[in-house]
1. Check the straight Cα-Cα distances from Lys753 and name the lysines below 20 Å, setting aside those fewer than 8 residues away within the same chain.
2. Whole Å is fine, so just give me how far the alpha carbon centre of region 164-194 lies from that of region 509-580.
3. For Lys98, which aspartates and glutamates qualify as cross-link partners when the Cα separation must be under 14 Å and same-chain residues fewer than eight apart are set aside?
4. Roughly speaking, what is the stretch gain from Ile502 to Asn568, that is 0.36 nm per residue apart minus the C-alpha to C-alpha distance, in nm to one decimal?
5. Show the residues, 5+ positions off or on another chain, whose built amide H is closer than 5 Å to the amide H of Thr545.
6. How large, in percent, is the carbon and sulfur part of the accessible surface of region 188-268 at a probe radius of 1.4 Å?
7. Based on the Cβ-Cβ distance of Lys580 and Asn50, what FRET efficiency does E = 1/(1 + (r/R0)^6) give at R0 = 60 Å, to the nearest 0.05?
8. Set the Förster distance to 22 Å, then compute FRET efficiency between Asp415 and Arg100 from the Cβ-Cβ distance, nearest 0.05.
Amino acid sequence: MPELEYSEQDRNEPRGTTFDFRGYLFKVLNWWKFVLICVGLALVIAYLINVRKQNIYKLSSLISVESDQNPFFTSNTSISFNWGGVSGKVGKVLTTVKTRTHNELVVDSLEYYVEYLKEGKYRKEDIYKKAPFEIILDKTKGQILNHPIGIRILNEQQFEITILFENESYSVQSYANKEKYNVITSIGEFKRKFIFGQSIDLPFFHGTIKRRLEQPLISDDQFYFQFLNYDTVVNQYQTGVSISPFNGNSSSVLELSLAGSNKSKIVDYLNATSAILSRTELERKNLYATNTINFIDSSLAAVNANLKDVTDEMNQFRKENKLFDITSEMAQISEKLKAYDLNKEEEKMKLNYLNSLETYLRTKTDYTKIAAPTSVGISESNILNSVGKITALAIERQSKEYTVKEGNILFKDIDRQIDAEKNVLLETITTTKQTISSNLNNINMNIARLEAELGKLPEDQQEYLKIQRKMDLSQEAYNIYLAKRGEAAIVKAANVSDITTIDEAKDIGGGLIGPNKSLNYMMALMVGFFSPMFFIFVIFLLDNTIHGSDEIERLSSIPILGLIGKYNYKNNLVVFEKPKSAVAESFRSIRSSLQFIFKKQGKEDKGKTLLITSSVSGEGKTFSSINISTVYALSGKKTILLGLDLRKPKIFDDFQITNDKGMVNYLIGESTLDEVRTHTFIENLDVIPSGPVPPNPSELLMSDQLKLLIEQLRDSYDMIVLDTPPLGLVTDALELTQYADATIFMVRLDYTKKGMLSLINAKYRAGEVKNISFVLNFYKHKTNHNYGYGYGYGYGYGYGYGTYGNAYHEGNGKRSLWERVKKVLRN
C-alpha cells in the first residue's frame with residue numbers, strides 16, 4: 001500500500017477548474033432513462049402533429065404560348081397583326097397569372113369564396129364537390145363571413161339550417177360589388193327547415209341550396225358551408241399560384257402549379273386559369289376584327305346613304321335632261337378622272353395616317369397602341385421596320401414593369417433604344433410626307449387638265465359627268481368597305497387563341513408535398529435528444545455537490561484515505577454486528593491506512609488521537625467515529641470514543657447509554673473521568689458521551705481541562721477517537737485539531753458541496769490542519785463519476801449494498817415524503 005505523504009508541494013499545488021467533459025458524459029449516462037423518455041415523448045408529439053396536420057398537395061399543368069397568324073391574314077390587312085412576337089407574349093402571360101385582376105376572374109368563375117365542409121377526425125374538412133348539395137348565391141346581397149353554417153340532411157326533399165350566434169352583430173359581404181357591412185342577429189341558436197331548391201332569404205344568407213344528384217344523400221348527415229372574405233381568397237391564390245418556363249428553359253411552354261389541401265380544387269383552379277388566359281387572349285385578338293367590323297359598319301352606312309343620294313341625283317338629272325349616255329371619247333376621259341380620284345383618296349389616307357402617327361409619337365408615351373401602317377396601304381419599309389421595333393420595345397418594357405423596379409438600368413436602356421428609333425421614324429415620316437404631297441400635286445394637275453378638256457362639252461354633259469364621277473367614287477368606296485367587312489368577319493371567325501393547354505391538371509394520385517413527416521420525426525428526434533442534453537448540461541453546471549473521487553482529486557490536493565460504501569442497517573454498529581460486510585471491511589482498510597500515518601510520526605509509546613469531522617451535519621461523521629473506534633477495539637487496541645460535538649450529541653444511543661453525564665460535566669468540574677466514562681459491551685471500547693448541551697460549548701473545548709484530559713487518556717488508551725462538530729458550521733473542530741495526530745474529513749458523495757472543500761483547502765494550505773485525509777462516504781461502485789480514482793487504495797470491493805438509512809440517527813430516522821422524492825431526484 002503506498003505511503004501517504006503531505007508535502008509542501010501538495011499543499012500549494014493548484015487544481016484546475018476546467019470543464020469536466022467525461023463527468024458530463026457519465027452524467028448523461030446516469031440520466032439515460034430521462035433522455036430516452038424525452039426522445040420518446042418528442043416522437044409521440046411529432047406523430048400527433050403529423051396525423052393532425054392536413055396533407056398538402058401540389059399539382060401542375062402545361063400551357064403553350066405561340067404567335068399564331070390567322071390563316072386568312074393577307075398583306076392588305078392588319079386585323080390579326082401581332083407586335084412583339086412570342087417572347088413578348090410569354091412575358092405578358094407570366095405577369096398576367098400573378099395579377100389580381102386575373103385571379104379575381106378565376107375565383108369568381110369557381111366561387112371559391114364558398115367552402116363546403118364536413119366534420120373530420122381532427123377538424124372540419126373541405127369536401128368541395130363531394131357535398132351532396134350546391135349553393136346558388138344571390139350575389140347582390142350579403143353573406144355572413146367566416147362563420148360556419150350547419151346543414152343537416154333530413155330526407156330527399158328537406159334539410160335543416162343551424163347556426164349559433166354569440167354576438168348581435170356580424171360582418172357580411174356582397175360578392176357582386178364586394179362591399180362589406182354589418183347585420184344584426186339574435187343571440188342564440190338559429191334553426192329552420194327548408195326544401196331543396198327553395199329560395200332562402202335570411203339576414204346572414206341569401207341564396208338557394210340545390211341537390212347534387214351525382215352525390216349520394218344520407219339522412220341525418222351533418223355538413224357545413226362557410227363564406228370567406230373575397231379579398232383574402234383572391235390574395236391567397238394570387239400568392240399561391242406559380243408559373244415558370246417548363247424545365248427552366250426560356251421557351252414558349254409554361255408550367256402552372258398550385259399547392260393546397262384539396263386536390264380537386266387545385267385541378268379546377270389550374271384548368272380555369274388556363275381557360276381564362278386562353279379566352280382573354282382570344283378576346284384581345286378578336287378586338288382588332290371586332291373594332292374593324294364596327295368601324296366598317298358605321299362607314300358603310302354613311303357611304304350607302306351617300307351612294308343613294310348620288311343615285312337619286314343621277315336619276316333626277318336623266319329624267320329632266322333626257323341624257324343617258326355620252327360619247328366614247330368623253331367616256332375615256334371620265335375613266336381617267338376616276339382613276340386619278342382613287343389615287344388621290346389613297347394618298348390623302350396615307351398623309352392623314354402619317355400626320356396622326358407623328359402627333360402620337362410626339363405626345364404619347366405608350367407606343368403599344370400604334371396602328372399598323374399597312375392598314376392604309378403604306379408599304380415604305382423604313383416606316384414598317386421602325387414602327388415594328390418601337391412597338392416591340394414598348395411591349396418588352398411593359399412586360400418588365402411587374403418584375404423590374406422602376407429606375408433600373410434595363411428601363412433606361414429600352415427607353416434609349418425607343419428614343420433613337422423614334423427620331424429615325426420622325427425623319428422618315430417627314431420625308432414620306434413630302435413625297436406624298438408631291439404625288440398629290442401631280443394628281444391634282446392631271447385632274448385639272450382632264451377637267452379642262454371636259455369643259456368643252458355642253459353644260460348638261462358636264463353636269464352628267466360630275467354626277468357620274470361622284471356615283472362611281474361612292475360605289476367604289478362601298479365595294480371596298482364591303483370587302484373589308486367580309487375579310488374582318490372571316491378573320492374573326494378563324495382566329496384561335498395563342499395560348500393553348502398542352503397538359504391539363506389532373507388528379508392521378510400522388511402530388512403529396514407535406515407535411516414532411518420524415519423531417520418532423522427527425523426534428524423531434526433532435527429536439528428530444530438535445531433538449532434533455534442541454535437540460536443535463538445546465539444541471540451539471542449548476543450542480544455544486546461532489547459525486548466522485550475524481551472531483552475531489554481535481555479540487556483538492558488532500559489525499560483520499562478510503563471509501564465507505566452504502567449499507568442499509570438498523571443502527572451505526574455495522575462493524576460490530578456485521579463484521580463480514582463490505583462496510584466493515586472498508587473501515588478495516590481505513591485503519592490500515594491510518595497506521596502508516598501514525599508510524600510516520602514515530603509516537604509508538606503513547607496513545608494516538610484521531611479527529612473525525614466534516615463540513616456540515618449529515619455526512620457520516622458520527623457513523624465513522626463509532627465504527628473506526630469499534631474496528632480498533634476489535635483489533636485489541638484499547639480505544640476510547642469522545643463525544644466532543646457538544647451542540648448536537650449523538651453517540652450515546654447506539655451504545656444503549658444515556659447522555660445525562662458526559663464531556664460537559666467533566667469539563668465544568670462537575671464529574672470525574674470515571675463518572676462520565678462508560679465501558680461498552682464492545683471489548684476494549686470505552687465511550688464518553690457529550691452530556692447535556694451547554695450554553696458555551698466553544699469555551700469548554702478551549703479550556704485547559706480538555707488538554708489535560710487528552711494527555712491523561714494518551715497514557716491509558718492506544719486510540720483516542722474524537723467525534724467533533726462540523727468544521728464548516730462552527731469553529732469548535734478547528735480548536736480541537738491541536739490534539740489530533742491525524743484528521744479525517746468526511747465527504748459524503750452526492751451531498752457534500754464543492755465549496756466546502758475550499759474551506760478545508762485553505763486551512764490545509766495555511767497549515768492549520770495537519771495529517772488530514774478525506775474519507776468518501778456513501779460511495780457507490782456503479783457511479784460513473786469515479787473514473788480516474790484507481791484501485792491503488794485497495795478499498796474497491798463489495799460496493800453497492802444500498803443505503804444505511806438510519807445510520808446518522810438525526811431526528812427519529814424517518815424521512816418525509818418530500819425528502820424521499822428529493823432523494824430519488826438527486827440520485
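1. Lys27, Lys566, Lys621, Lys763, Lys780, Lys822, Lys823
2. Using only Cα atoms, the two centres lie 61 Å from each other.
3. Glu255, Glu401
4. Here the answer is 15.3 nm.
5. Lys754
6. 45
7. Plugging the Cβ-Cβ distance into 1/(1 + (r/R0)^6) gives 0.50.
8. Result of the calculation: an efficiency of 0.20.
The values are calculated or read from the model by the stated rules, or taken from the named source; none is laboratory data. Model, not experiment: these values are computed from the prediction. Backbone-built Cβ (ideal geometry, glycine too); neighbour counts: all protein chains shown. Surface areas here come from the heavy atoms of the whole protein model, side chains and all, with no ligands, DNA or RNA. Shrake-Rupley method; radii C 1.70, N 1.55, O 1.52, S 1.80 Å.
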